[in-house]
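One structure below.
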Amino acid sequence: MTVRAADDLIDTSSVIVCCGSGGVGKTTTAAVIGLEAARRGRRAVVVTIDPARRLADALGLVDGLASDPQRIDLGRDGLDTESSGELWAMMLDTAATFDGLVRANAESDEQIERILTNPFYRNIAGALSGTQEYMAAETLHALHGDERFDLVVVDTPPSRNALDFLDAPGVLSRFLDHKLFKLLMLPARSGLKVIGTATQPILRAIGRVVGSDVLADSVAFFQAFAGMETGFRERADEVIALIRAPETSFVVVASARHDTIAEAVWFVDQLVDQGVEVTSAIVNRAHPAFGEGTSQDALAASDDAAAAGADDLAALWRNVADLRTLRERELDVIAPLGDVAGDDRVVVLPLLDRDVHDLDGLRTIAGHLFDHPTAER
């Protein structure tokens, strides 16, 4: 299956979003794409939304990743990009990103202080459903506008959560237009009047459930937020436009198993429903082809060898037939992904003889994915 779609990723994209279920090599794939971009002279940054250490492990960083981009030393392990490219990496810090948005949109230092020290805000900055996904999209937007980088590679959580990442900016925009939010954001005089009369029974009921202190903190937060909603809405709209821009590519990652292929097919369908095109689908850890020909060809060669009295050769050809059968069955499993994404967009990568945990291993995968001589055949 073709590598052309994978090559186009590097040459035509300014943002690449890697999606897939857990355990299929999605994080490693994101790191490989970033490394290949650096090899081609681009200044790439890879950001992971997943708080686990997988990206740091794939890059061979024993001290882990920080919430700010850090440049990867591409000279380690004897790796030389032979280009002016750069590779950077970072891990999403949801709370810090939210704080940065507040500082960027607040009208005064006093407003910043009121919000950042508000207990309700401190809770939602790291724990509110959808906050992490929106801040991931915001980080993507910020990195895209950072002059240090010309390519942003995003490693998302497992695929069904990745849809939250795509939806989050729209969810925020809709929330800011919701009548309840507008009620809480009324100017102080009329807002206090409404809160003190029509909504008072509702607030008392909520207070009994969440506690009066929590309720007071939340009301204080929304009043402190006054004047910032326009900036947040405009930024959310910019993020939505970037996610759906032609220069943003989506890569669906899977392995050669029924469950992960089914998940990848589901995800491609969801992207298509949202008007987003899949640029490439990458299937990791498939059995290699073991030469030219089919399993039936190998069985025929075994029969010929046996007829000629070459029993050892016949046994070797039977082994080849078994291995090719594994490959053919995996290709049958993968076929539904080609049906929905397009066969010309699916790349099948071979199972390696070792785990990938450093730049040299990433370089080996890059050789297979982008079909250049660095691959170990």
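The values are calculated or read from the model by the stated rules, or taken from the named source; none is laboratory data. Since the structure is predicted, the reported quantities are computational estimates derived from the model, not experimental observations. Because the Cβ atoms are built from the backbone with ideal geometry, glycine has one as well, and the counts that use them run over all protein chains shown. Protein only, heavy atoms only, side chains kept; ligands, DNA and RNA dropped before computing areas. Shrake-Rupley method; radii C 1.70, N 1.55, O 1.52, S 1.80 Å.
Against the test of being at pLDDT 90 or above and in contact with a helix residue (DSSP H, G or I) (Cβ under 9 Å, 6 or more places away or on another chain), the options 277, 247 yield a single qualifying residue, 247. Within segment 354-369, the residues that satisfy the criterion of being closer than 18 Å to residue 287 by Cα and either open to solvent by 10 Å² or more (accessible area, probe 1.4 Å) or β-branched (Val, Ile, Thr) (or both) are 354, 355, 356, 364, 365, 368. Using beta carbons and a limit of 6 Å, which pairs, at least six apart or on different chains, have the first residue in segment 320-340 and assigned to a helix (DSSP H, G or I) and the second one surrounded by 15 or more Cβ atoms within 10 Å (Cβ to Cβ) and among the aromatic types (Phe, Trp, Tyr)? Between residues of segment 320-340 that are assigned to a helix (DSSP H, G or I) and residues that are surrounded by 15 or more Cβ atoms within 10 Å (Cβ to Cβ) and among the aromatic types (Phe, Trp, Tyr), the close pairs are 320/290; 323/290; 324/290. Here 283, 265, 276 are screened, and the one residue that is part of a loop (DSSP other than H, G, I, E, B) and either more than 30 Å from residue 246 (Cα to Cα) or open to solvent by less than 40 Å² (accessible area, probe 1.4 Å) (or both) is 276. Checking the stated criteria, residue 28 turns out not to satisfy the condition of being buried (at least 23 other Cβ atoms within 10 Å of the Cβ), touching an Asp or Glu at 6+ places or on another chain (Cβ under 8 Å), of a type in the set (S, T, N, Q) and farther than 18 Å from residue 263 by Cα.
Take the conditions among the hydroxyl-bearing types (Ser, Thr, Tyr) and either open to solvent by 60 Å² or more (accessible area, probe 1.4 Å) or modelled with pLDDT of 95 or more (or both) and apply them to residue 302. Does it pass? For residue 302, the condition - among the hydroxyl-bearing types (Ser, Thr, Tyr) and either open to solvent by 60 Å² or more (accessible area, probe 1.4 Å) or modelled with pLDDT of 95 or more (or both) - is met.
Scanning segment 13-24 for residues that are at pLDDT 90 or above and either open to solvent by 10 Å² or more (accessible area, probe 1.4 Å) or in a helix (DSSP H, G or I) (or both) yields a single hit, 14.
Being at pLDDT below 75 and either open to solvent by less than 30 Å² (accessible area, probe 1.4 Å) or assigned to a helix (DSSP H, G or I) (or both) is a description that applies to residue 219.
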